[in-house]
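One structure is given below, encoded as structure tokens.
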Amino acid sequence: MEKNQEKEQKKPVMEEKKRSEQAKTQAQEQKKQPDNQQQIEALRQEAEQMRDKFMRTYAEMENIKKRCQNEIEKNAKIAIADFALDLLPVADNLERALAQPVPDELKDNAFIKNLLEGVLMTQKQLVQALDKNGVKVLESVGKPFDPNTQKAIQQIVDNTKEDGTVVQEWQKGYTIGGDRVLREAMVIVSKKE
């Protein structure tokens with residue numbers, strides 16, 4: 001009987017120990033849950049910061065890419081402009097050569113005909129190459145004088161035209177890319193008495 005009593009007495013103590021251990025375990029788990037929540041929240045914030053850094057870096061790289069592309073295009077235009085500017089006197093000289101009258105006694109000469117045809121073909125090919133690279137001729141004759149694209153070298157009295165009308169072109173003007181003047185046209189402008 002004593003043994004049974006001892007068992008009976010130990011039973012509440014054992015149950016108390018079990019409850020105490022369960023309470024400790026529950027307390028530890030509850031402590032872990034906020035820790036887990038805090039860790040999750042910290043990881044979430046870190047992920048958001050990393051995403052933000054990534055997006056900023058990506059945007060910066062896209063801006064750099066655009067700036068580089070614009071710089072490449074700008075440098076290509078400058079290179080073409082410099083080269084085209086060097087070729088313009090050649091175009092002028094070919095045009096002057098074609099403008100010269102052929103003497104009557106040489107008009108039927110096959111050599112002269114072939115020479116003129118060759119010069120004409122060369123001039124056309126040069127104009128096409130310039131045009132292909134964005135170099136365009138500025139049309140001036142018959143239009144009002146524009147100081148942005150033309151240089152007046154002389155004024156002549158002409159009562160049949162409006163004041164400031166271009167009546168003759170001494171040297172053609174050219175633009176590149178449609179918006180930049182490569183060379184001003186040298187023109188003669190009309191004025192009234």
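The values are calculated or read from the model by the stated rules, or taken from the named source; none is laboratory data. Predicted, not measured: the structure shown is a model, and the values here were computed from it. Note: ideal-geometry Cβ built from the backbone for every residue, glycine included; neighbour counts use all protein chains shown. Surface accessibility is based on the protein's heavy atoms, side chains included, excluding ligands, DNA and RNA. Shrake-Rupley method; radii C 1.70, N 1.55, O 1.52, S 1.80 Å.
When region 64-92 is filtered for residues that are within 20 Å of LYS124 (Cβ to Cβ), open to solvent by 80 Å² or more (accessible area, probe 1.4 Å) and not hydrophobic (A, V, I, L, M, F, W, C), only ASP86 remains.
Starting from region 134-148, take each residue that is more than 21 Å from ILE80 (Cα to Cα) and list its partners that are among the basic types (Lys, Arg), counting only C-beta distances under 8 angstrom and pairs at least six apart or across chains. Every condition considered, the pairs that remain are SER140/LYS172. Being more than 21 Å from the chain's Cα centre (by Cα), open to solvent by 100 Å² or more (accessible area, probe 1.4 Å) and over 30 Å from VAL181 (Cα atoms) is a property that holds for GLU105. Total residues in region 96-117 satisfying the condition of being closer than 23 Å to GLN171 by Cβ and free of Cβ contacts under 8 Å to residues at least 12 places away in the same chain: the figure is 4. Scanning region 122-141 for residues that are within 11 Å of VAL187 (Cα to Cα) and surrounded by 16 or more Cβ atoms within 10 Å (Cβ to Cβ) yields one hit, SER140. Reported count of residues in region 142-193, each being assigned to a strand (DSSP E or B), within 30 Å of LYS132 (Cα to Cα) and open to solvent by 90 Å² or more (accessible area, probe 1.4 Å), is 5.
Do the conditions hold for LEU120, that is, is it within 27 Å of GLU73 (Cα to Cα), touching a residue at least 12 places away in the same chain (Cβ under 8 Å) and in a helix (DSSP H, G or I)? No, not satisfied.
Residues that are within 24 Å of ALA79 (Cα to Cα) and among the aliphatic types (A, V, I, L, M): does region 154-177 have at least one? Yes, because at least one residue in region 154-177 is within 24 Å of ALA79 (Cα to Cα) and among the aliphatic types (A, V, I, L, M).
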